[in-house]
Each structure stands twice: as structure tokens, then as C-alpha cells.
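Shown below is the structure under consideration.
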Amino acid sequence: MMDDEPLTAVARTLVPGGQLVRTEALAGGVSATVVAMDIRAPSGDIRRVVLRQHGATTWKELEQDVTAVEFGVQSALHRIGFPVPEPLHLDDSGAVLSSPSFIMAYIEGTTHVSEPDRLDAVCRMAEVLARLHGLDPSTLALPGLPPRVDPVPDLLRLLPAFLEDQRDALAARVGTTEGPTVLLHGDFWPGNILWQDGSLVAVLDWEDTALGDPRSDLAAARLELLWRYGEPAMRRFAAHYLECVPIEIDLDGLPLWELHVAAGANASMEHWGLAPDVEARMREQTRAYMRDAMRRLPG
């Protein structure tokens, strides 16, 4: 938990004359510290907001302007009614806290989905991802975003040992997966989806957002759902996404993106704080996911 003294200064920036009355650490992934703050205004009203501060880890490289970019993307999406928390205040100066941060509205909800509801939930997730990919990025007043258009260079850099004999064949596929350019979430998984009374109310954590190939998000979500809910949920999500997305998706290019996201997960999983048995299971599933992707690569 952060010290309350700098958080008090943050609270008064948002609510002049306000008093910080309570803080609560929230789950925020592995690269950001996320804290709920209850601020009492001079009127006596309590306002709950969320502070998101990057710099919680050293193993994941983040762009220097990641906080401002995340704030800008959420702002653009909130303006059009996309389900994201409303961004309220950006501080990328480092004057108050040790690293850049921003404040957003608090949305009541949970990331937990009960087992009987999961197949329906993944369909709602698919609809939201399809909606995101159907947006025209040129109309959104987005900040500058990195491109994500070719999975092969990073795949080769992160290639696991059990696929090393495929390196030359994969290297020959550089530049072969041209797809449409859409706004990507970058980390679309159940832990970043907030539910309230069975309704999807918010998509969280936009630090990995980019402009690029929608198959990047699709491949990552499929792997995450395999880990979290199992193969039937993974397949239901992908099928419903393809029914809903308003752009053409060439599935011939999907296996390379699946290899890309799985190789990245395989390389970083040790930093996620998983229980040993959970990590072992996820690594086994990841290897099977990659072998299946290799099998489905076009000749």
C-alpha cells in the first residue's frame, strides 16, 4: 500500500479542501499499483475514486508515456460511451508521487464469474471486443499509439526451446500476416472485465493498447480463456466474436498471432506470482496451444 501522505495530496488535487478518509488496495495486474480512495468533500459527501500508478515492476518494459496514453485512450472511449471508467485527472509530472499516475471514477463490480454463467459471459466479452475492433480509430482523437502489425519478430525473439527447430520456417513468414488496423486493448482477459448483476460494466487496464491487427487481441483472449475457463469457453468466445465483428478477419493469419502471444506468456509467466501447480498447468496448456497453432499454419 502507498503512504497516505502523498495520497492525501493527490486527493486534494482532485477535490479541493477534501480529506482522504480511506484507501484500499485493488488488484491491478503486475505492472501497476491500483488504490481505491474515499475522499470527503468540504460538503461532507464521500467520493470514491481509483488511482492507477505505473512502475510497480521492473521486469515488464513500459513506454515512457504509458500513463498519459492510457489516460488518453480511456478518455476517448468514455466520450463515445464505451464501457471504461471515466478518467478524471492525470499527473505525469512525478511531482507528487514517485511515478506517473491518473485518477478515474470508481465502478462497483467484480471480475468473478460463476461457473454456470461463464459461457454466457464469454459471449458478452466477445461482443465488446468486436465492438472495439469495429471502431474507426481516426474518429476517436486517440493519443499516439504503437503499431502491432507483425507477430513474427517478437515471436522469434521469445521462441521457446521446444520450437527452436521451427525458427527458420517461422522467420520466412515475416511480413505475411497483413490485416486491418484497429484499436487494440492488448490484454483482454477475464481479470480486466468488470461485471455488475450479470452485466459487463467496464473494460479495465489499457496500458498495452496499440493500433494493429485484431487477431492479436483475439489470440491473446483465446489463450487467457483457455487458462481461466477451459477449452469450451475459449471456443465459444472465438466463434461469437467472429459472428459479431464488423470487419473481415482472415483466420489463416491467426496461428502466427497465437504463437506470438503464447511465446510472450511463456517467457514472462514466472513473474506473475502464480502458485507452482497453477503455473505448471498453464505452461502445459500454453505448449499445447502453440503446438496446435503450428499445426494450423497455412502451408
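So, in nm, how far is label LEU158 from label ARG47 when the simple model puts each one 7 Å beyond its Cα toward the Cβ?
About 3.9 nm, to one decimal.
Also, quick follow-up: Per DSSP H run of n ≥ 4, the term is -39500 (n - 2.57); total these for the chain, divide by its residue number, and report the mean residue ellipticity at 222 nm rounded to 500 deg cm²/dmol.
-13000 deg cm²/dmol
If the chain between THR181 and ARG228 were fully stretched, how many nm would it gain, using 0.36 nm times the residue separation less the Cα-Cα distance?
14.1 nm is the gain from fully extending THR181 to ARG228.
Taking the chain as a Gaussian network, Cα atoms linked when under 10 Å apart, which of ASP187, ASP252, ASP91 shows the biggest mean-square fluctuation?
Maximum fluctuation in the GNM of the chain, among the listed residues, is at ASP252.
Given an 8 Å cut-off on Cα distances and at least 6 residues of separation, report the relative contact order of segment 150-237 as a percent.
So the answer I get is 26 percent.
Could I ask something else about it? Just to verify a number: what accessible area does PHE82 come out at with the full protein assembly present, 1.4 Å probe, Å² rounded to tens?
PHE82 has an accessible surface of roughly 10 Å² with all protein chains in place.
Step by step: find N for segment 138-265, compute 2.2 N^0.38 Å, then divide the Cα radius of gyration by it. What's the final number?
Segment 138-265 yields a ratio of 1.10.
Just checking my list (1) 22.6; (2) 20.4; (3) 19.5 against Kirkwood radius over Cα pairs in Å computed from this structure; which label fits?
(2)
Right, another one. Applying the Karplus parametrisation 6.51 cos²θ - 1.76 cosθ + 1.60 with θ = phi - 60° to the phi angles of segment 139-151, what ³J(HN,Hα) value in whole Hz is obtained for each residue in order, glycine and proline being reported as x?
For segment 139-151, the Karplus-derived couplings read 9, 9, 6, 7, x, x, 10, x, x, 9, 10, 9, x Hz, x marking Gly and Pro.
Taking a virtual spin label 7 Å from the Cα of THR139 along the C-beta vector, which residues in segment 75-91 bring their backbone nitrogen under 19 Å of it?
Inside the label zone: 75-84.
Let me ask something else about it. Give the accessible surface of segment 230-294 per residue, rounded to a whole number of Å², with probe radius 1.4 Å and ligands, DNA and RNA excluded.
Solvent-accessible surface per residue comes out at 48 Å².
Between VAL149 and ARG79, take the C-beta separation as r, use R0 = 22 Å, and let me know the FRET efficiency to the nearest 0.05.
It comes out at approximately 0.25.
In whole Hz, what ³J(HN,Hα) sequence does segment 200-213 give by Karplus (6.51, -1.76, 1.60; θ = phi - 60°), x for Gly and Pro?
Once θ is set to phi - 60°, the couplings for segment 200-213 become 6, 10, 6, 10, 9, 6, 9, 6, 9, 5, 7, 10, x, 7 Hz.
Same structure again: Per residue, how many Å² of accessible area does segment 98-213 show with a 1.4 Å probe?
46
Additional query: Determine the relative contact order of segment 52-180: mean sequence separation of Cα pairs under 8 Å and six or more apart, normalised by residue count, in whole percent.
21
Now, a different point. Give me the percent of the accessible area of the chain that comes from carbon and sulfur atoms, probe 1.4 Å, all protein chains in place.
That fraction is 48 percent.
Each label point is 7 Å from the Cα along the Cα-to-Cβ direction; what then is the distance between the points at ASP292 and ALA95, in nm?
Going from the ASP292 label point to the ALA95 one covers 5.2 nm.
Relative contact order for the chain: what is it in percent, counting Cα pairs under 8 Å that are at least 6 residues apart?
Relative contact order for the chain comes out at 15 percent.
Using R₀ = 35 Å, calculate the FRET efficiency as 1/(1 + (r/R₀)^6) where r is the Cβ-Cβ separation of LEU211 and GLU115; round to 0.05.
0.45
Can you run phi through the Karplus equation (6.51, -1.76, 1.60; θ = phi - 60°) for segment 101-108 and list ³J(HN,Hα) in whole Hz, with x for Gly and Pro?
With coefficients 6.51, -1.76 and 1.60, one gets 8, 9, 10, 9, 5, 8, 10, 5 Hz.
Cut-off 10 angstrom, C-alpha nodes, Gaussian network model of the chain. Which of THR67, THR176, THR286 fluctuates the most?
Of THR67, THR176, THR286, the most mobile in the Gaussian network model is THR176.
Also, I was wondering about something else. Give me the one-decimal nm value for the distance between modelled label points at ASP252 and ALA25, 7 Å along each residue's Cα-to-Cβ direction.
Distance between the two pseudo-spin positions: 5.0 nm.
Quick check: the distance between the Cα centres of segment 229-299 and segment 113-173, to the nearest angstrom?
Using only Cα atoms to place each centre, the spacing works out to 9 Å.
The values are calculated or read from the model by the stated rules, or taken from the named source; none is laboratory data. What you see is a predicted model, and the numbers here were worked out from it, not measured in a lab. All Cβ positions, even for glycine, are placed from backbone atoms using ideal geometry, and neighbour counts span all protein chains on display. For the accessible areas, the whole protein counts, side chains as well, though only heavy atoms, and no ligand, DNA or RNA atoms are used. Shrake-Rupley method; radii C 1.70, N 1.55, O 1.52, S 1.80 Å.
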